[in-house]
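Data first, discussion second: the structure below is written as structure tokens.
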Amino acid sequence: MDLDDRDRRLLALLQEDCRIPNAELAEKVGMSPSACWRRVRALEQAGIIERYSAILKPKQLGLAFHAIVHVQLARHDPDAIAAFIRAVAGRREVQDCHATTGQADYHLRVVCADIDAYNRFLDDFLFRLPAVRGAQTNVVLKEIKRAPSVAL
């Protein structure tokens with residue numbers, strides 16, 4: 001799907017506030033409400049809009065510990081990798097997981113209540129996965145920027 005300037009404006013406005021009423025969204029981009037609704041629906045059906053969500057503040061929810069975990073795998077066979085991915089995807093502490101180049105095979109962003117909860121995550125989960133050789137933790141001291149949107 002080719003995006004025009006109006007599509008980009010729609011996407012930018014929806015990223016700022018996905019609860020904006022359709023009539024207000026249409027007015028801001030210079031479209032009729034029905035045409036705006038059809039265009040947003042087309043963006044959803046094309047998979048450009050993946051989902052809508054609320055952005056929460058972890059500390060306000062008692063999740064004060066935040067770390068980036070660099071995971072090295074001991075085994076790289078497809079079954080071991082698939083098992084690792086399934087296990088990590090099922091853990092609520094893991095906010096993001098990226099397969100990358102470099103020394104680590106995967107980078108996890110982990111959020112939990114405190115250092116004790118993080119140690120339980122490591123000991124009771126991560127280090128018990130057969131494919132995991134090791135992990136290095138970088139504790140997040142301060143969040144400078146967390147972008148919930150894609151630059152358009």
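Results for (1) within 30 Å of Pro130 (Cβ to Cβ); (2) part of a helix (DSSP H, G or I), shown as yes or no for each residue.
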site: Leu11; (1), (2): no, yes
site: Glu24; (1), (2): no, yes
site: Glu27; (1), (2): no, yes
site: Cys36; (1), (2): no, yes
site: Arg39; (1), (2): no, yes
site: Leu43; (1), (2): no, yes
site: Tyr52; (1), (2): no, no
site: Ile55; (1), (2): no, no
site: His76; (1), (2): yes, no
inquiry  = Step by step: first the residues of the range 136-152, then only those that are assigned to a loop (DSSP other than H, G, I, E, B) and in contact (Cβ under 8 Å) with a residue 40 or more places away in the chain, then the one that is farthest from Ser53 (Cα to Cα). Which residue is that?
reply    = Val140
inquiry  = Quick check on the range 108-135: of everything there that is more than 19 Å from Ala89 (Cα to Cα) and outside any loop (DSSP other than H, G, I, E, B), which residue is farthest from the chain's Cα centre (by Cα)?
reply    = Asp116
inquiry  = Looking only at residues that are touching a His at 6+ places or on another chain (Cβ under 8 Å) and not small (Gly, Ala, Ser) in the range 109-136, which one is surrounded by the most Cβ atoms within 10 Å (Cβ to Cβ)?
reply    = Val110
message = Restricting to the range 87-116, name every residue that is under 11 Å from Ala131 (Cβ atoms) and not aliphatic (A, V, I, L, M).
response = Asp105, Tyr106
message = If Lys59 meets every condition in (1) basic (Lys, Arg); (2) at pLDDT 95 or above; (3) surrounded by fewer than 14 Cβ atoms within 10 Å (Cβ to Cβ) apart from one, which number is that one?
response = (2)
query = So is Ala26 under 23 Å from Leu152 (Cβ atoms), touching a Cys at 6+ places or on another chain (Cβ under 6 Å), of a type in the set (Gly, Ala, Ser) and surrounded by 10 or more Cβ atoms within 10 Å (Cβ to Cβ) or not?
reply = yes
request  = Filter the range 119-135 down to residues that are touching a residue at least 12 places away in the same chain (Cβ under 8 Å) and over 28 Å from Asp79 (Cβ atoms), then give me how many there are.
outcome  = 0
ask   = Given Leu43, Leu56, Leu63, Leu108, which one is more than 28 Å from Asn138 (Cα to Cα) and not charged (D, E, K, R)?
value = Leu43
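The values are calculated or read from the model by the stated rules, or taken from the named source; none is laboratory data. These numbers come from a predicted model, not from an experiment. Virtual Cβ from ideal backbone geometry, glycine too; neighbours counted across all protein chains shown.
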